[in-house]
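Remarks on the structure that follows.
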Amino acid sequence: MIENILEIRWHGRAGQGVKTASYLLAEAAMDLGKYIQAFPEYGPERMGAPMAAYTRISDEKILIHSGVENPDIIVVIDPTLVGTIDILKGVDLEKGIVIINSAMEPAVFREKLPGFKGKLATVDATGIALDTIGRPIPNVPMLGALIKVTNLLPLESVEEKLKHKFSEKFTEKIVEGNLKALERGYQEVRIDG
Amino acid sequence: MGKKIAMETNQLAAFAMAQIDPDVVAAYPITPSTEVVQEFSKYVANGEVTTEFVPVESEHSAISACLGAATAGARVMTATASQGLALMNEILHIASSARAPISVVVASRALSGPINIHGDHMDISSIRDAGWIIMVAEDAQEAYDNIIQSIPIAERAKFPIITSYDGFITSHAVEVAEVLEKEEVQKFIGPKKPDYSVFDEKLTIGVLALQDSYIEFKRKQAADYDKVIDIVKEVGKEYGDLTGRYYDTVEKYMTDDAEVIMVAMGSTAGTAKVVVDQMRAEGHKVGLLKIRLFRPVPKDDIIGVLRTADAVMIMDRAYTYGGVGGPLFEEISAAMNDLPCRPYMANYIYGLGGRDIKPSHIRQVFEDGLKAVKGCGFDQQIKWITVRE
C-alpha cells in the first residue's frame, strides 16, 4: 500500500477477462472523479497461462509507475491458482482482503491460506457466468463481489461503465447477461471476517 | 477545462493522431506500439480522418513512404518501437537532412537480443545521432500532449521528431488524461504550410554533395538543429496557454534548494517524485530533474538546475557498450564540463528490458547521494541496479 492509493491485484488465467475487469473498475472510478491506473502484467501470452493485472485508485494524481508491491485487495478469478502461486505475496495478513471465485465456503480457503487473518470472501463466479452469459468467463461477477465486499464504488457506476463499454463490442443480449452477472456476484458473495 | 478520458496510452496516442488528422500515415505494427497503428486504422476505416493510410511490409518501407509523402508537402506520421526503429535507421538520417517534419510515435522498448518486448530506452538512445528531435513522456497525459505539440515543433524546426513513452509501463497502462477537442487541436497545429514540394521544378531532393559541399550542408543542419531547443520552449508555452499544462525542455521537481538531484527520463520520473515527497517529509533536501527533450540536449537548462547541487544521480534506462556510462550520464557529464566546480556525479543503469524500478531502489540512490555529500566514502561512479549479481 502506498499512501493515499488503493491497490488491487487480480489473479487469473489469460482468457478469463482479468485485464478487462481491472480496466472496468478503474474506468468506473474515473467517472466518479478519481485518478486511476490499470495495467496487466505481460509475459509470454497464451490462453490458460497464469497472469496478473493491477488497478490503482486515488483521489490525487497517481505519479508512481512501478509495479504494485503491497496490494490492499486480492481478487482471484481462477481458484486453481491458490496454492499454485503465492496469491498473498506482499499482502498485509491482518488488513488485506481476498476474494476468490469458488462455489465453496470461505472457510475452505482459510485453511489453504495459513496466517491470513483478513477478510476472506468467495463467490461462484464461474457458475454465475455460465447461467447469465452462457460462457465460463468469471470476471464480471467477481467485480460485483468486489464492490459488495469493499464498498469501493456504488454498484450503479460500475453498471453504467459496463453498459457503455460492452455495448461498443457486444450484442445487447451479452450486455444484459453481463449486467445480470454483475448484480448476482454482488448479491451472492459470502464474506468471512 | 478539457474532457477527461481513460484509455491505454497506445489508444490515446492513436486518438491524438486522429485529432491531428495527418495527410499520410504509413506504418508497420510492432510491439509495444502495435495498438497505435491498429487503433488509428479504425479511425481511417470509419471515415473519421482524411488520412491516406499506407500499410507497408516493413518499417524501412514505412519510413521511406513517410519521407516520400513529406517531400511532397504532406503532414506525415507513423508509430514504431525497438527493432522497428532500428530498421528505419538508414532512412532516419536521410529524413533529417531532407528537413522532413515527420512525426513518429515510439513506445520505447529494449533492443534484441535476447528477445525482449518490454520497456527501456535503448531504441531511442541508439538513434540519437540521426538528427531527429526526441522527446520522452512521463505518463499518458504527457504522451498525448507531446504528440499534439510534435506537429508545430517539427514544422517550425523543419526537422523530424520522435515522441516516445515507455513500452508496456506506459503504453499498456490505462490512466486519466485530459484531452482537447479536435477543433482545438486543428487550430493549435494550424494547416500544413509546406516549405517545399517535390513537385517544384526548381528543387532537387536527395542531392549528391561530395567533398566540395557536404560539410557545408552538415554545418547548416547542425546550426539549425540547435535552434530546436527554443522552438520546443515556445510551443510548450503556447500549449500551456491553451491547456494550462505548460512544458519546457526539462521539468524541475523540488530542485531549488536540493543537495542531491536525481536526473531521470520517462515513467521513472513519476515514481521518483513520490520518493522525493517522502524524503522531503523526512527532512532530506532531494529533488528531481526530469529530461523531457532528450535530443537536442537542452544543455543550458540542465546546467542551470544542476550547478547548485552537491550530488547529481543520473538514471539511465539504457547503456552504451564500452562508453563511460549511460547515454544521459555521458551527455550531462560533458555538459557539466563548462562549470568551474562540478558537483559529485554518479550514474545508475537500471530497468533494462522492463525490469521494475521500485521506490525502494530510488530511495537507495538518493541515500547514496546524501552519503557522497557528507563525504562518507561512496565512490563507485557507475552502478547497475535492479539487477541480480
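Would you be able to say whether some residue in the range B:198-211 is without any contact (Cβ under 8 Å) to a residue 60 or more places away in the chain, in a loop (DSSP other than H, G, I, E, B), among the β-branched types (Val, Ile, Thr) and away from every other protein chain (no Cβ under 14 Å)? Yes. Screening the range A:75-118 for residues that are within 27 Å of residue B:358 (Cβ to Cβ) and among the basic types (Lys, Arg) and picking the one that is farthest from the chain's Cα centre (by Cα) gives A:117.
Scanning the range A:103-130 for residues that are without any contact (Cβ under 8 Å) to a residue 40 or more places away in the chain and among the basic types (Lys, Arg) yields a total of 1. The one condition from (1) free of Cβ contacts under 8 Å to residues at least 60 places away in the same chain; (2) outside any helix (DSSP H, G or I) that residue B:67 does not meet is (2). Checking A:122, A:80 one by one, the residue that is of a type in the set (S, T, N, Q) and surrounded by 15 or more Cβ atoms within 10 Å (Cβ to Cβ) is A:122 and no other. Considering the range A:29-57, and only residues there that are among the small types (Gly, Ala, Ser) and within 10 Å of another protein chain (Cβ to nearest Cβ), the residue that is farthest from residue A:166 (Cα to Cα) turns out to be A:43.
When the range B:1-22 is filtered for residues that are of a type in the set (Asp, Glu) and touching a strand residue (DSSP E or B) at 6+ places or on another chain (Cβ under 8 Å), only B:8 remains.
Taking the range B:330-360 as the range and being within 14 Å of chain A (Cβ to nearest Cβ), of a type outside the set (Gly, Ala, Ser) and more than 18 Å from residue B:168 (Cβ to Cβ) as the test, only B:359 passes. Which residue out of B:231, B:205 is over 26 Å from the mean Cα position of the chain (by Cα), over 27 Å from residue B:11 (Cα atoms), assigned by TED's automatic domain parsing to the domain that holds residue B:24 and surrounded by 13 or more Cβ atoms within 10 Å (Cβ to Cβ)? Going through B:231, B:205 in turn, the sole match is B:205.
The set of residues in the range B:45-64 being assigned to a helix (DSSP H, G or I), of a type outside the set (D, E, K, R) and surrounded by 16 or more Cβ atoms within 10 Å (Cβ to Cβ) consists of B:60, B:61, B:62, B:63, B:64. Checked across the range B:103-113, the condition of being in the same structural domain as residue B:189 (by TED's automatic domain parsing), over 19 Å from residue B:151 (Cα atoms) and without any contact (Cβ under 8 Å) to a residue 12 or more places away in the chain holds for at least one residue. Candidates in the range B:117-129 are the residues that are in a loop (DSSP other than H, G, I, E, B) and surrounded by fewer than 22 Cβ atoms within 10 Å (Cβ to Cβ); of these, the one that is farthest from the other protein chains (Cβ to nearest Cβ) is B:129. Taken together, the criteria place residue B:5 among residues that are under 15 Å from residue B:147 (Cβ atoms) and surrounded by fewer than 21 Cβ atoms within 10 Å (Cβ to Cβ). Among the residues of the range B:242-271, which ones are under 20 Å from residue B:135 (Cα atoms) and of a type in the set (Asp, Glu)? Residues satisfying the conditions are B:248, B:251. Count of the range A:47-94 residues, restricted to those that are in contact with a Gly (Cβ under 9 Å, 6 or more places away or on another chain) and not in a loop (DSSP other than H, G, I, E, B), is 10. Within the range B:138-176, the residues that satisfy the criterion of being in a loop (DSSP other than H, G, I, E, B), closer than 13 Å to residue B:266 by Cβ and either more than 11 Å from chain A (Cβ to nearest Cβ) or in contact with a Pro (Cβ under 6 Å, 6 or more places away or on another chain) (or both) are B:167, B:168, B:171.
Just the residues that are within 30 Å of residue B:31 (Cβ to Cβ) and more than 14 Å from every other protein chain (Cβ to nearest Cβ), please, taken from the range B:177-194. The answer is B:180, B:182, B:185, B:189. Just one of the numbered conditions (1) surrounded by fewer than 24 Cβ atoms within 10 Å (Cβ to Cβ); (2) over 11 Å from residue B:250 (Cα atoms) is not true of residue B:302: (2). Of all the listed residues (B:353, B:304, B:325, B:287), the sole one being in a loop (DSSP other than H, G, I, E, B) and either without any contact (Cβ under 8 Å) to a residue 12 or more places away in the chain or under 26 Å from the mean Cα position of the chain (by Cα) (or both) is B:325.
Per-residue answers, yes or no, for (1) within 20 Å of residue B:78 (Cα to Cα); (2) surrounded by fewer than 23 Cβ atoms within 10 Å (Cβ to Cβ); (3) in contact with a Gly (Cβ under 9 Å, 6 or more places away or on another chain):
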| position | (1), (2), (3) |
| --- | --- |
| B:158 | yes, yes, no |
| B:165 | yes, no, yes |
| B:176 | no, yes, no |
| B:189 | yes, yes, no |
| B:237 | no, yes, no |
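The values are calculated or read from the model by the stated rules, or taken from the named source; none is laboratory data. Keep in mind it's a predicted model, so treat the numbers as computed, not measured. We place every Cβ from the backbone using ideal geometry, glycine too, and count neighbours over all the protein chains shown.
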